[in-house]
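**Q** This is the structure I have questions about; it appears just below.
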Amino acid sequence: MWSAVLALTVVTSIVEFIVLPFCPESPRWLLIVKDERDEAIKALRQLRGDDDMIEREIVEMQFEHDNERDVERIGIADLICLRDRAWLLPLLICVVIHLGQQLSGINAIIFYSWELYNAAGMSEKEIAYATVGFGALNVCVTTVSVLVVERIGRRPLLLYPFGIIALWLVGLTVCLALQGQYEWLKWMSLVFVYLYIITFAIGPAPLPYLISAELWSQGPRPSALSVSIQVNWWTNFAVQLTFPPIQAAIGQYVFLIYDVCAIATTAFIYFYLPETRNRSFDEIASIFRDRAEGGTRNKQQIEMSSYDPQ
């Protein structure tokens with residue numbers, strides 16, 4: 001019944017078509033692009049309710065708007081050619097975290113879950129239940145991520161999950177390699193897959209998109225987001241294309257390739273990704289400019305500094 005499942009996307013499309021007109025415009029777009037302060041406040045109230053922080057958000061947006069009023073919009077070619085040396089590190093961060101998201105193997109597991117569970121020795125009925133459980137976990141844990149990201153911060157929710165994912169991939173590989181010897185290992189394979197999706201959904205799934213938007217000032221931000229999303233989708237395509245032949249060549253050890261990628265991404269995040277929570281776009285841009293110009297700001301100062309729009 002795959003065709004019926006595919007047809008269900010029509011329902012979600014219709015629902016989105018109906019409710020989207022009631023969605024408020026982006027407050028930042030209303031204030032910075034349209035210069036409509038009252039409309040921006042109205043949109044924020046729709047999104048936040050009667051929040052005491054609304055005026056502070058408006059002040060921060062206005063501060064950015066005043067600073068960047070005369071800043072030209074940066075094209076993708078200018079960004080990739082690094083017309084400004086300060087763009088190098090944020091661009092690398094955007095590329096690496098989106099590469100890491102896909103090369104950690106998430107879509108290899110999602111798209112080829114039937115083959116994976118079948119290799120673990122599950123029956124068709126068991127595979128059906130395992131697949132439903134996988135999807136349900138993905139939705140639930142991503143919701144948890146939305147609730148905790150402002151409390152815990154962006155950097156920890158990327159750094160630690162990527163490192164833990166590497167452990168789950170090793171465990172999955174061991175279970176698949178030995179499952180012919182022990183019947184119970186097929187269930188351990190499922191456990192490691194579920195642990196993987198829990199860990200992935202809480203950070204590496206949503207945060208690359210959020211961080212990619214927060215690393216840039218108004219000028220290069222649209223081009224940087226375009227490049228980041230292109231990297232993500234082309235890497236997704238490459239994983240889908242290469243997984244079957246690699247699996248055919250090295251069998252269950254295919255996940256060790258994704259394991260190495262997850263470890264490399266963890267190391268990169270540890271050394272190069274600053275925390276962006278509670279910082280203005282202008283302050284984050286100044287951090288990268290300081291690094292590019294060989295400034296003396298040390299890691300502790302970067303971690304502890306914060307922006308107060310008052």
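The values are calculated or read from the model by the stated rules, or taken from the named source; none is laboratory data. This structure is a prediction, so every number in the text was calculated from the model and none was measured. Here the Cβ is made from the backbone with ideal geometry for all residues, glycine too, and neighbour counts use every protein chain on show. Heavy atoms of the whole protein, side chains included, go into the accessibility calculation; ligands, DNA and RNA do not. Shrake-Rupley method; radii C 1.70, N 1.55, O 1.52, S 1.80 Å.
**Q** If you scan the range 109-146, which residues turn out to be hydrophobic (A, V, I, L, M, F, W, C) and more than 26 Å from the chain's Cα centre (by Cα)?
**A** First pass over the range 109-146, keeping only residues hydrophobic (A, V, I, L, M, F, W, C): 109-111, 114, 116, 119-120, 122, 127-128, 130, 132, 134, 136-137, 139-141, 144, 146.
Selection gives ALA119, ALA120, MET122, ILE127, ALA128.
**Q** May I ask you to say which residue of THR142, THR131 is without any contact (Cβ under 8 Å) to a residue 40 or more places away in the chain and either surrounded by 18 or more Cβ atoms within 10 Å (Cβ to Cβ) or polar (S, T, N, Q) (or both)? Don't jump to the end; show me each part of the working.
**A** Numbers: THR142 fails: without any contact (Cβ under 8 Å) to a residue 40 or more places away in the chain.
From the options THR142, THR131, the qualifying one is THR131.
**Q** Among the residues of the range 268-287, write down those that are open to solvent by less than 10 Å² (accessible area, probe 1.4 Å) and part of a helix (DSSP H, G or I). Let's see the steps before the verdict.
**A** Taking the range 268-287 first, the residues open to solvent by less than 10 Å² (accessible area, probe 1.4 Å) are 269, 273-274, 276, 280, 284, 287.
If the condition is that a residue be open to solvent by less than 10 Å² (accessible area, probe 1.4 Å) and part of a helix (DSSP H, G or I), then ILE269, ILE284, ILE287 are the ones that fit.
**Q** What are the residues in the range 200-217 that are open to solvent by 20 Å² or more (accessible area, probe 1.4 Å) and within 19 Å of SER145 (Cα to Cα), if any? Before the answer, list the steps.
**A** To start, the set of residues in the range 200-217 that are open to solvent by 20 Å² or more (accessible area, probe 1.4 Å) comprises 202, 205-206, 209-210, 213-214, 217.
The answer is ILE202, ALA205, PRO206, TYR209, LEU210, ALA213, GLU214.
Listed here are the residues, each with its yes/no results for (1) of a type in the set (A, V, I, L, M, F, W, C); (2) surrounded by fewer than 18 Cβ atoms within 10 Å (Cβ to Cβ); (3) in a helix (DSSP H, G or I).
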| residue | (1), (2), (3) |
| --- | --- |
| ASP66 | no, yes, yes |
| ILE93 | yes, no, yes |
| VAL96 | yes, no, yes |
| GLY100 | no, no, yes |
| ASN118 | no, yes, yes |
| GLU126 | no, yes, yes |
| VAL148 | yes, yes, yes |
| ALA166 | yes, no, yes |
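**Q** I would also like to ask the following. Count, please, the residues in the range 18-39 that happen to be surrounded by 15 or more Cβ atoms within 10 Å (Cβ to Cβ) and either among the charged types (D, E, K, R) or farther than 22 Å from ARG277 by Cβ (or both).
**A** 6
**Q** Let me ask something else. Say whether the condition of being within 30 Å of ASP84 (Cα to Cα) and surrounded by 15 or more Cβ atoms within 10 Å (Cβ to Cβ) is met by at least one residue in the range 233-247.
**A** Within the range 233-247 (the criterion being within 30 Å of ASP84 (Cα to Cα) and surrounded by 15 or more Cβ atoms within 10 Å (Cβ to Cβ)), the answer is yes, since at least one residue qualifies.
**Q** Please report, ordered by residue number, the helices (runs of 4 or more DSSP H) entirely within the range 1-49 with at least 2 residues that are of a type outside the set (Gly, Ala, Ser) and modelled with pLDDT under 90. Full working, then the answer.
**A** On the way: elements: 2-7, 9-19, 27-32, 37-48.
Here the list reads 2-7, 27-32, 37-48.
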